[in-house]
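FYI, it's all coordinate maths here, none of it is from the lab. Just so you know, these numbers come straight off a predicted model, no measurement behind them. Cβ placement follows ideal geometry from the backbone for every residue including glycine, while neighbour counts extend to all protein chains displayed.
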There are 4 protein chains.
Amino acid sequence: MKNLTTYRVIYGDTDQMGVAYYANYLRWFEMGRTELLRQIGLPYSSIEEKGFFFPVIEASCRYLKPARFDDEIAIETTLAALSRVTLEFSYRISRKHDGQLLAEGAPRHACVDREGKVAKISTALENPLKAALTR
Amino acid sequence: MKNLTTYRVIYGDTDQMGVAYYANYLRWFEMGRTELLRQIGLPYSSIEEKGFFFPVIEASCRYLKPARFDDEIAIETTLAALSRVTLEFSYRISRKHDGQLLAEGAPRHACVDREGKVAKISTALENPLKAALTR
Amino acid sequence: MKNLTTYRVIYGDTDQMGVAYYANYLRWFEMGRTELLRQIGLPYSSIEEKGFFFPVIEASCRYLKPARFDDEIAIETTLAALSRVTLEFSYRISRKHDGQLLAEGAPRHACVDREGKVAKISTALENPLKAALTR
Amino acid sequence: MKNLTTYRVIYGDTDQMGVAYYANYLRWFEMGRTELLRQIGLPYSSIEEKGFFFPVIEASCRYLKPARFDDEIAIETTLAALSRVTLEFSYRISRKHDGQLLAEGAPRHACVDREGKVAKISTALENPLKAALTR
């Protein structure tokens, strides 16, 4: 199971090199993640309501080609790994008009409770996540 | 009473016009506001601990000259007005090396409680704020 | 003539008050502006290719209700005023699910050339802009 | 040789989890990088004037503890590796008041020319960079 979300790069995303600033790709990863979670019936706000949070514990991104102002980009998100207390999403960002791959990354998240303590992913979360993983 | 805070414009603040993106000035206003509040003995975190928040209800900014990458800017902040439930700060952002005024603005804030309801600014907050205003 | 563009508020747009940070509304204004210009046949990249730029010279925003994480917002953009060397867009940002108005603003732009000098808006730009204005 | 730069986390850096949003650490890495380059006599603007650019080709960050609003953070930057066409900086971000390590990362950059083509790092750049590396 994968999610495809699109976004159009704005002027405020660019820097004086004329390309999207490198930190913005992490924002776009978040967009894909939020939509994948919604798609599997587990919107992130419902996770927070249950008292769980998924802070990022490790982020990585490979930048292959620059995204530019007004480019429509496609964010392809999958759930790549799931342990008792961590999740890893995988992202591929490509330019819509020609399919050129621009960047890819695979941030890892921990599951924590309201106090910020690492917490076992509850069954209510685990089942839809597992379904996303295995299909 | 005024506060002077400095900041150096980073690459991530610029856009492809080669100047700082216009939304970033609002971030710089916040820097000045936080430092002025600290200077008058009322750090913003202590305000939140007392159960008050100062969301912006109106923002304005005049852009006179662009800030550029690596410019050191000076943010001059004063408390311009204070009512029972609102505050207005005044900002002047200038380039440090030649004093050129770059932008000025005067966002207004409401005082709200934890539920987001408008709340009278308590005496514990009002006294240091008044001192900042009148001097 | 007006443009309607939608955007979904991401986690990275929020701050610890649990609402969208005030500077982000200026990014959303930009989204609306870019789409209105595209709609009238004058994509902003074509303006830059002709050697013109529209830096913001004055921005203002009234914040009525907060946008929150995962809110779908509608950005309604019109061209409110046009002089020989300036443009003023008008924006209304509302929450999609109930139509609640969240913010409105009316930044003004100058027309400048590659050297950053104020420049008369050329006929090639003025005609589509006038059409957007008068309807 | 290392550079130590400090920054105070602003409200606009936080998200509704009450901690700094993960993409902001990449902005802070940039602050450290810019200051290290200045310290070795090679300010980034002088690199651009020579016709070279250092876009990031790979970024990674491990998040150990969250940075919070108003935390003063120390950004420690070193040049970790240098090849004919790439550079790798290494960063450690810690909380100033207790020295707690918050995050660390090691983005890699390519050297490119004005056309975005990979370019050999010229001798004028290589000598100060080598000095930063070996000491």
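Let's see if you can work this out: charge +1 on each Lys and Arg Cβ, -1 on each Asp and Glu Cβ, no other charges. What is the dipole magnitude of the protein assembly as shown about its Cα centre, in debye to the nearest 20?
0
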Inset, instruction - Work through the residues other than C:H97 whose Cβ is under 11 Å from its Cβ and net out their charges, Lys, Arg +1 and Asp, Glu -1. - result: -2
Inset, instruction - Compute the label-point distances linking C:V85 to its equivalents in the other copies; points lie 7 Å from Cα along Cα→Cβ; give nm, one decimal, shortest first. - result: 4.3, 4.7, 6.3
Legend entry - For C:A80, residues with placed amide H under 5 Å, excluding near neighbours: C:E88, C:F89, C:S90
Legend entry - Coil-residue trypsin sites (Lys or Arg not before Pro) of the stretch A:42-75, DSSP, other Cβ within 10 Å capped at 16: A:K50
Legend entry - Highest-MSF residue in chain A out of A:T34, A:T14, A:T123 [GNM, Cα springs under 10 Å]: A:T123
Legend entry - Cα lying deepest toward the dipole's positive end in chain D, options D:L101, D:A124, D:F54, charges on Cβ: D:A124
Inset, instruction - Tell me what chain D gives for mean residue ellipticity at 222 nm when only DSSP H runs of n ≥ 4 count, each as -39,500 (n - 2.57), the sum divided by the residue total, rounded to 500 deg cm²/dmol. - result: -7500 deg cm²/dmol
Legend entry - J(HN,Hα) series, the stretch B:16-24, from Karplus relation 6.51 cos²θ - 1.76 cosθ + 1.60, nearest Hz, glycine and proline x: 6, 7, x, 10, 5, 5, 5, 5, 5
Inset, instruction - Find the relative contact order for the stretch B:17-102 and round it to a whole percent, using C-alpha pairs within less than 8 Å whose residues are 6+ positions apart. - result: 28
Inset, instruction - Would you mind estimating how fast the stretch B:39-81 diffuses translationally, via Stokes-Einstein at 37 °C and 0.692 mPa s with the Kirkwood radius over Cα pairs, in µm²/s? - result: 235
Inset, instruction - Along Cα-to-Cβ, 7 Å out, sits the label point; list in nm, shortest first, how far the one on D:L4 is from those in the other copies. - result: 2.6, 5.2, 5.7
Legend entry - Stokes-Einstein D (µm²/s) once Rh is taken as the Kirkwood radius of the protein assembly as shown over alpha-carbon pairs, at 10 °C in 1.306 mPa s: 65
Inset, instruction - For the stretch C:35-46, just list the computed ³J(HN,Hα) in residue order, Karplus coefficients 6.51, -1.76 and 1.60, θ = phi - 60°, integers in Hz, with x standing in for Gly and Pro. - result: 6, 4, 4, 5, 4, 8, x, 9, x, 4, 5, 6
Inset, instruction - Compute the acute angle (0 to 90°) between the alpha-carbon long axis of helix A:123-134 and the principal axis of greatest extent of the alpha-carbon atoms of chain A; round to the nearest 10°. - result: 50
Legend entry - Within-13-Å neighbourhood charge of B:I47 [Cβ basis; K, R +1; D, E -1]: -1
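Can you pull the percent of Cα pairs in chain B with separation above 21 Å?
Of the Cα pairs, 42 percent sit more than 21 Å apart.
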Inset, instruction - Work out the mean other chain Cβ neighbour count within 10 Å for the residues of B:29-39 and drop it here as an integer. - result: 2
Inset, instruction - For the stretch A:3-134, compute the number of Lys pairs whose alpha carbons are separated by less than 16 Å, excluding pairs fewer than 8 positions apart on the same chain. - result: 4
Legend entry - Two-decimal log10 I(q)/I(0) for the stretch B:4-68, as the Debye equation yields it once each C-alpha is a single scatterer, q = 0.12 Å⁻¹: -0.41
Legend entry - Calculated from backbone phi, Karplus (6.51, -1.76, 1.60) coupling profile of the stretch D:64-72 in Hz, x at Gly/Pro: 9, 9, x, 7, 10, 3, 6, 4, 8
Inset, instruction - Post the alpha-carbon centroid distance, the stretch B:1-57 to the stretch D:49-67, in whole angstrom. - result: 24
